[in-house]
Amino acid sequence: MSTLNVVDISSNNHWVDLSKLKRAGADAVIIKATESTWYTNPYFESEIRQAIKLHMPVKAYHFFSGNNYKGNVDKFWSVIKPYQKWLGSSVADYEGSAIVLGGVDYARKALKYMEKVTGKKPIIYMGLSDENNYNWADVGKNYDLWVAQYNSMNAEYGFHSRALYGQVRHFKRLIMFQYTSTGVLSNYQPLDLSVFYGSKADFNKDCKGSAEMSSRWKAPVEFDDLGAFKVMQKEATFWNDANNDKKVGTTSAGKIYRITKEKNGFYKIANHEMWVDGRTGDFHANPVAYSDKIHAKIVVVKPTAGHKDLTTKVVGKTFKVGTTWKMFGYKTFKSASGVVWHWAQVGAGDNKYINLDKCRVIV
């Protein structure tokens, strides 16, 4: 999939020479046009003309106030209308206190009206915490998301896109990810830097690009593992403890590890005295580790057979390696000799239970 390096600017950045940002690696720019019903960015017209002259894909955004959505959109339209043929879909910046004031219903109405006025389906921008903490399901099925999530507030020199730390819960399509608000390009700082999931042609259309959501990967873990971790950065470091004091190794993007402990945002790799920083990848929790009543999908990894009750007596069929089953919780049984068994309930009759120690939970 193609991606673009995107910078967004507002009057907080004062006047910006876009040619310098372009030379520094910016493929596209998003410029704040207006805020609420009263404010216009004094640099908007100059900067959008620069973008047009530089043949730089450009969008405009409006910072919504959380009240009077029609007045907000009308203000935005009055400023961007002369430039609409050069603009892609508009961006609705809706975050923080505005969401507290207006809620989800305000966004739904504002986006619908924005689409009606501009003639293009808008994108909505918000922080990941706002996306996670409100139920955006109705909005998320109709509009694309540009999300912000930062790992630190240290200066970041140049474009260095990474995986989202966490996951989007309510939107079907994440089309852009703002990964820092402290970027530095050609001595301009601080800048908001993002990655757009698509081509330049997509950027100025109705956003045909779409992120490959990190939550789609799956991995098998032991029933009492905390979960699984997939490295999302080009290279990640292994540490000897739940801190970044002593480096003991490295790993690379795409590697998946079983996790047995979590501490201070670090995860311990199963069967090793090594920890990985949670910010370098994506963690999938194993719900079975927290409750023996959880329903989950399991895969057989060693030959096992069906059992009618919590004993070692085999009465049912053979469950082949590689087959998957739905588990309806599990039970623990201790034999007279002191051996502990864990039995996953997968059916009824002679095949009610199978040996969970010979299976893995898929997370």
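The values are calculated or read from the model by the stated rules, or taken from the named source; none is laboratory data. Predicted, not measured: the structure shown is a model, and the values here were computed from it. As a convention, Cβ positions derive from the backbone with ideal geometry for all residues, glycine included, and neighbour counts pool all protein chains shown.
Assorted remarks:
- The residues of segment 116-129 that are crowded, with 18+ Cβ neighbours inside 10 Å and not hydrophobic (A, V, I, L, M, F, W, C), listed by number, are THR118, PRO122, TYR125.
- Looking only at segment 338-363, and only at residues there that are part of a strand (DSSP E or B) and of a type in the set (S, T, N, Q), the one that is surrounded by the fewest Cβ atoms within 10 Å (Cβ to Cβ): GLN345
- The residue that is modelled with the lowest pLDDT, among those in segment 292-337 that are exposed (fewer than 14 other Cβ atoms within 10 Å of the Cβ), farther than 14 Å from ASP357 by Cβ and of a type in the set (Gly, Ala, Ser), is ALA336.
- Matching helices (runs of 4 or more DSSP H) fully within segment 116-226 where at least 3 residues are in the same structural domain as TYR94 (by TED's automatic domain parsing) and closer than 22 Å to ILE99 by Cβ: 128-133, 137-140
Condition check ((1) within 36 Å of the chain's Cα centre (by Cα); (2) among the charged types (D, E, K, R)) across all residues:
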site	(1), (2)
TYR257	yes, no
GLU273	yes, yes
THR280	yes, no
THR304	no, no
PHE319	no, no
SER337	no, no
ASP357	yes, yes
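- Scanning segment 296-310 for residues that are aliphatic (A, V, I, L, M), part of a strand (DSSP E or B) and in contact with a helix residue (DSSP H, G or I) (Cβ under 7 Å, 6 or more places away or on another chain) returns ALA296, VAL300.
- Pick from segment 260-291, criterion farther than 20 Å from TYR165 by Cα and part of a loop (DSSP other than H, G, I, E, B), ranking: modelled with the lowest pLDDT: TYR290
- Of all residues in segment 210-221 being surrounded by fewer than 19 Cβ atoms within 10 Å (Cβ to Cβ) and touching an Asp or Glu at 6+ places or on another chain (Cβ under 9 Å), the one that is modelled with the lowest pLDDT: SER210
- A single entry from THR34, THR40 fulfils the requirement of being within 24 Å of SER19 (Cα to Cα), surrounded by 21 or more Cβ atoms within 10 Å (Cβ to Cβ), modelled with pLDDT of 95 or more and of a type in the set (Ser, Thr, Tyr): THR34.
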